[in-house]
Every structure is written in structure tokens, then in C-alpha cells.
Amino acid sequence: MIGESVKLFCGTATPTLANAVATHLGQKLASGTVSRFPDGETRITIEESVRGGDCYIIQSTCAPVNHSLMEVLVLADALRRASAWRVNAVIPYFGYARQDKKGQAREPITAKLVANLLETVGVDRVITVDLHAGQIQGFFDVPVDHLTALGILGGHLKTTDLADSVVVSPDVGRATEARHLANFLQLPLAMLYKRRASPTETEVTHVIGDVAGMRPILIDDVISTAGTMSRGIEVLVDLGAKPEITVVATHALFTPPALERLRSDAIKQIYVTDTVPFHEKNDRVAILSVAPLLAKAIRNVHVHASVSSLFAT
């Protein structure tokens, strides 16, 4: 237990994860109802007093992305108007994070828009996991605790056979995270260099590092359509890597045709976390929970303890 002043809320996107976080904290989710009007408008009812409370909204802004985001915004507004002392948004998967810059003329920077919306409704703090782009922290004028699931994923990988393994970054953007994982596992590092042909299509043009005769551990923050993973796996096998590839990612969006692409015989195992719900039975996909990590972050924030110790692997 961390005190009656802590109130944990969730929407409809990630209730299982929110309940798991509450269990780790020795608490129950606060009473509230999330519903919709017949035309689709989000309706929130808070069913207990939150006056002076330290409130945490636990919800990934995953599919349906706009509904999930709107639930967070309306919940935050309801809590603020009910005189909560502090409103914290715990967003394990931060939707719209891939729109963090202008790739071409007349494009929006939607990640900044989402940051503005959260601040406008009165969110005092954001806790998130493995942002697609770390600079998104700078889009906020409130504190952002940017956690990483590398410790959870790497800790599990340490229990497996890592002989002849090499950690592979799918692109330059993931190189830092891949290096952290490689150092944690005491393995060599390789990197794929890709060129993006469209928002969903990429082409691998170079491989930096030795992968021949090795068992790759291919790491990314998000698996959406798995196009990057699929092409990376093809290149690795063509260069002589063993067809015993482990795929590791924090956020398993798995939008079609991701699961079809990940049926490759070269993939031995896929490890992801529960920041995004995955309900399909798949023997090749193992799900590791970030609930203990989020619970520790909430506890430390509430008691004004350091959160930085949770950032590293």
C-alpha cells in the first residue's frame, strides 16, 4: 500500500495492465465509469472523491488511438475539475510518437500537439515507456519520466541461450538502445541502415557489423506492420546469419500484416511487453509485463523518491 491519497484510474484501452499495476501497489483501481454517447462521444463519471488526491491515469494511447487518447484527456479534465491535487498521465505506449518531426513540407508535428493537449487539460506529469523519439520529452513543459523496458527484456534474454548471438539495431534511430542491450548482455553489436520509401515501406541498404554465422537479436521499440523486421531478417539471413533470429520490441502494435510477416521460419522467438494488449494465441510470441516497472515509478513519484534508477537496464 502507498496511501489512500493515491487514486489509480484507467480507460478502456489497457485495463488488464492497469489492474496489474494496481495489484503491484497493493491497491484497487478507483471507481469510475468510461462510456460513450450513441454518437461516439466519450463520457466519464468519477464515482468517488478525489479531492486532494494524487491521481494516476494508466492508459496506453493505442488502437483505437483517437478514442484512447480522448479518454485520457477527458479523465484528466474530470479529475482536475474534481479538485485532485495532482493529475499524472501514465501512458506506457505514447501514440502519435512517430510523428515527432516534419518529414516533408506541410506535415504536422502531431506528437507536439498531443503534448499540448495533455498540458491544456491539466496533466502535471507524464510517465511513459520507450518513446519512439526521446526528444518528445522536450515537447512538454511538465516533468516526463521516460522509462525503458530494456531491463525487463534484457533480464529475460539473460535466462536464454545467448551463444553466438549478436544484437542488431534495425536502423540508426535504435542504435543507442541496441548498444545498451548489447552491453547489458555482453554481446557484439550490428546495425542495419535503411532508407524509408514511404510511411510504411523501408529498404535496407547497408549492414554495419559482422552477422555471418551469428544468431541475431533484432531489437526495436515498436512493431507495427513488421515491414522493417521482415526486410531486416531477409538481409541478415542473406548475409549468412543463422536462421535462429530473436525479435525483441517494447510495443507490439501488430497491425496487419505484421503477424503474417513474423511467421518467417528464420524467427525463433518474439519477445514483447504488455504496453499494448495482445490477445491472440501465438506460441512464438512471449509477453513480458511492464506492470512492476510502472508500479515502482508511481510509488517513487508519490513519495518524492528518485525515478532515475528505473531508467537504466
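Measure off, as a whole percent, the carbon and sulfur share of the 1.4 Å-probe accessible area of the chain, all protein chains present. Kindly include the intermediate steps, with their values, before the conclusion.
Values: 7320 of 14180 Å².
The nonpolar share, carbon plus sulfur, comes to 52 percent.
Residue separation times 0.36 nm, minus the C-alpha to C-alpha distance between R98 and T23: what's the value? Don't skip to the answer; put the middle values down first.
On the way: separation 75, 0.36 × 75 = 27.00 nm, distance 3.13 nm.
Between R98 and T23, full extension yields an extra 23.9 nm.
Per residue of the chain, what 222 nm ellipticity follows from adding -39500 (n - 2.57) for every DSSP H run with n ≥ 4, rounded to the nearest 500?
-8000 deg cm²/dmol
Quick query: amide H of L239 versus all other amide H atoms, modeled in the peptide plane; which residues come in under 5 Å with a sequence gap of 5 or more or a different chain?
Here the answer is none, since no amide H 5 or more places off falls under 5 Å of that of L239.
Please find the FRET efficiency linking D77 to T16, where r is the Cβ-Cβ separation and R0 is fixed at 22 Å, and quote it to the nearest 0.05. Please report the intermediate quantities before stating the final value.
On the way: r = 25 Å, r/R0 = 1.13.
About 0.35, to the nearest 0.05.
Can you work out ³J(HN,Hα) from phi for every residue in the stretch 250-261, in order, using Karplus 6.51 cos²θ - 1.76 cosθ + 1.60 and θ = phi - 60°, giving whole Hz and x for Gly and Pro?
My calculation for the stretch 250-261 gives 7, 10, 9, 5, 6, 7, x, x, 4, 5, 5, 5 Hz in order.
Which FRET efficiency value, to the nearest 0.05, is calculated for N183 and I287 with the Förster distance at 41 angstrom and r the Cβ-Cβ distance? Show your work: numbers first, answer last.
Numbers: r = 25 Å, r/R0 = 0.61.
Efficiency, rounded to the nearest 0.05: 0.95.
For H156 and R106, what is the calculated FRET efficiency with R₀ set at 45 Å and r taken between the beta-carbons, to the nearest 0.05?
Here the calculated transfer efficiency is 0.55.
Would you work out if the stretch 235-294 is rounded, prolate or oblate? Take a ≥ b ≥ c from the square roots of the eigenvalues of the alpha-carbon gyration tensor; rounded if a/c is under 1.5, else prolate when a/b is larger than b/c, oblate otherwise.
Details: a/c = 2.45, a/b = 1.75, b/c = 1.40.
Cα axes put the stretch 235-294 in the prolate bin.
Consider the candidate values [x] 36, 21, 17; [y] 53, 22, 17; [z] 30, 27, 17; state which one is semi-axes √(5λ) of the Cα gyration tensor in Å computed from the structure displayed.
So the calculated entry is the one marked [x].
Counting pairs on different chains as well as pairs 8 or more places apart, how many Lys pairs in the chain have Cα atoms under 20 Å apart?
Final tally of qualifying lysine pairs is 11.
Short version: ³J(HN,Hα) in whole Hz for each residue of the stretch 113-120, in order, from phi by Karplus 6.51 cos²θ - 1.76 cosθ + 1.60 (θ = phi - 60°), x for Gly and Pro, what are they?
So the Karplus estimates, Gly and Pro as x, are 4, 4, 4, 4, 5, 4, 5, 4 Hz.
Using a simple spin-label model with points 7 Å from Cα along the Cα→Cβ vector, what separation in nm is obtained for E260 and S31?
About 4.8 nm separates the two model spin labels.
Show me 104-117, 143-156, 66-79 ranked by packing, highest mean number of other Cβ atoms within 10 Å first. List each step's numbers first, then the result.
On the way: 104-117: 13.6, 143-156: 19.4, 66-79: 21.6.
For the peptides 104-117, 143-156, 66-79, the packing ranking is 66-79, 143-156, 104-117.
The values are calculated or read from the model by the stated rules, or taken from the named source; none is laboratory data. Here the structure is a predicted model, which is why all the values come from computation and not from measurement. With ideal geometry, Cβ positions are generated from the backbone for all residues, glycine too; neighbour counts draw on all protein chains shown. Surface accessibility is based on the protein's heavy atoms, side chains included, excluding ligands, DNA and RNA. Shrake-Rupley method; radii C 1.70, N 1.55, O 1.52, S 1.80 Å.
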